[in-house]
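Notes for the one structure printed next.
No lab work stands behind these numbers, since they all come straight from the coordinates. Since the structure is predicted, the reported quantities are computational estimates derived from the model, not experimental observations. Here the Cβ positions follow ideal geometry from the backbone for every residue, glycine too, while neighbour counts run over all protein chains shown.
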Amino acid sequence: MIKKARSVPLRVHKLRAMKRRVRPDHENYQDFLSELGRKEAGIYGEQSLDYYIKLLPETDHPFYIFHGLRLPFRDTFFQIDTLILFSSFFLTLEVKYNKGTLYFDPKNYQLIQEVEGSPHKGLPDPILQASNQCFKLQLWLRAKQLPEIPCEKLVVLTHPKAIIKVLSSPSEVERYVIKSPALTIKVKAILERHSSQPLDKKIIKKIIRSLLKDDTPATSSPIPQYAILPSDIMTGVFCPNCDPYIVMRRIHGKWECSNCGEKSEDAHRAALEDYALLISPFLTMRELKRFLRIENRVTIIRLLNHLNVEFVGGNKSRTYNLTPLLTKT
Ligand SMILES: [Zn+2]
């Protein structure tokens, strides 16, 4: 049973909006694009694992799945890609979407990635990363005054073409590193090792409650980090069809693209979502006119009413609240 579903982090929504809206000549443009590229690959890899998670073996007792938990640890946090609570132990999955040939070197706590045409890359040892997750999870349990529960770990390589090579400690690599299709068979073997007494149902419930309660999504924003100013953000309602962007014009009550002829009733929604993500969820009529490139306030008010956007304040200081547009993201 899935207790916490996977969702796209707010930071990724912001990075995607930056890709659409920040002027390409911004000094940090390539840097945030490459962060977005890494994040999108990670999301793709995790989603591709869902198919294999659905194939996990039936067990006598239910088990619970948590995606992307971020739990407090001392004065920081730790994140677990996927955590599964079985009846008597935890299993953490460290999910990697790395392509190319991967040289595992646990003895030196490193992973070396070789991709044709690129220099070798040294990466953190994912087995060590998974061990650290287990270690922190144990300390978290202790801090919550919950019973100590064994923690198993697996590193799951989700890129179908990744090749595993081993430089040291082959038994360790064999034990902890798998490719996605091997998840079921590996979990079966782990379940056999843990045929011990299941935990009390009340304890299980308490652990689930505590995990969900302590989950703290990251709030760090890429906007100040990459020094994106409101003046770096392009205005206008973009054509959903055209890439690179083309600004649509409002003709006879519809948005129209002069480039491809696309017509749209609600293309302004995406523009306002971008505004809320990149600048602020609150804005004035003057800002709306500037950003949507519409002069007629009656038209704007009609568009906002359709989006259930509300306002606060009197005529002069009226502020529109775009927060409802973000709840779906
Ligand atoms: Zn177009």
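Under 15 Å from the Cβ of LYS99, count the other residues' Cβ atoms, weight Lys and Arg +1, Asp and Glu -1, and hand me the total. Every neighbour counted, the sum reads +3.
With the alpha-carbon atoms of the range 166-267 aligned to their principal axes, the span from lowest to highest coordinate is 70, 42, 31 Å, starting with the largest. Computed over the chain, the per-residue total of -39500 (n - 2.57) for DSSP H runs of n ≥ 4 gives a 222 nm mean residue ellipticity of -11500 deg cm²/dmol, rounded to 500. Taking a sphere under 14 Å around the Cβ of THR184 and counting the other residues whose Cβ falls inside, with K and R at +1 and D and E at -1, yields a net charge of +1. Under the convention that each Lys and Arg Cβ holds +1 and each Asp and Glu Cβ holds -1, the size of the dipole of the chain around its Cα centre is about 960 debye. Taking every C-alpha pair closer than 8 Å and separated by at least 6 residues, the mean separation divided by the residue count of the range 235-326 gives a relative contact order of 25 percent. When MET1, MET285 are arranged by Cβ crowding within 10 Å, least crowded first, meaning fewest neighbours, the order is MET1, MET285.
Across the range 113-123, computed HN-Hα scalar couplings (Karplus, 6.51 cos²θ - 1.76 cosθ + 1.60, θ = phi - 60°) run 10, 10, 10, 3, x, 10, x, 4, 10, x, 10 Hz from first to last residue, x flagging Gly and Pro.
Of interest is the spacing of the C-alpha centroids, which for the range 221-249 and the range 135-199 amounts to 42 Å. Considering only Cα atoms, the convex hull volume of the chain works out to 190 Å³ per residue. Cβ distances below 4.7 Å define possible disulfide partners, and in the chain the cysteines left without one are CYS260. So how tilted is helix 201-214 from the main axis of the chain? Cα-based, degrees 0 to 90, rounded to 10. Between helix and principal axis, roughly 40 degrees.
Taking other C-beta atoms within 10 Å as the exposure proxy, CYS239, CYS260 rank CYS260, CYS239 from fewest upward. Net charge near PRO222, counting Lys/Arg +1 and Asp/Glu -1 over other residues with Cβ under 13 Å of its Cβ? Residues close to PRO222 contribute a combined charge of +4. Counting neighbouring beta carbons within 10 Å and listing from fewest to most, the residues ASP125, ASP215 come out as ASP215, ASP125. The tail of the calculated P(r) for the range 115-187 beyond 17 Å holds 57 percent of all Cα-Cα pairs. In the structure shown, the pairs LYS54/LYS213; LYS39/LYS96; LYS54/LYS165; LYS107/LYS161; LYS14/LYS136; LYS99/LYS186 are assessed against 19 Å; a Cα-Cα span above that value is assigned to LYS54/LYS213; LYS54/LYS165; LYS107/LYS161; LYS14/LYS136; LYS99/LYS186.
Among the GluC sites (Glu not before Pro) in the range 129-182, those placed in a DSSP loop whose Cβ has at most 13 other Cβ atoms within 10 Å are GLU148. By the equivalent-ellipsoid construction on the alpha carbon gyration tensor, the range 235-326 comes out with semi-axes of 23, 14, 11 Å, ordered largest to smallest.
Taking amide H atoms as placed 1.01 Å from N in the peptide plane, the amide H of VAL155 lies under 5 Å from those of GLU94, VAL177, ILE178, each 5 or more residues away in sequence or on another chain.
Just to be sure I understand the curve: with the Debye formula and one point per C-alpha of the range 1-118, what is log10 I(q)/I(0) at q = 0.09, 0.17, 0.21 Å⁻¹? Treating every Cα as an identical point scatterer, log10 I(q)/I(0) equals -0.37, -1.10, -1.27. Among SER168, LEU69, THR184, which residue has its Cα furthest toward the positive end of the charge dipole of the range 2-214, with +1 on Lys/Arg Cβ and -1 on Asp/Glu Cβ? After comparing all options, I get LEU69.
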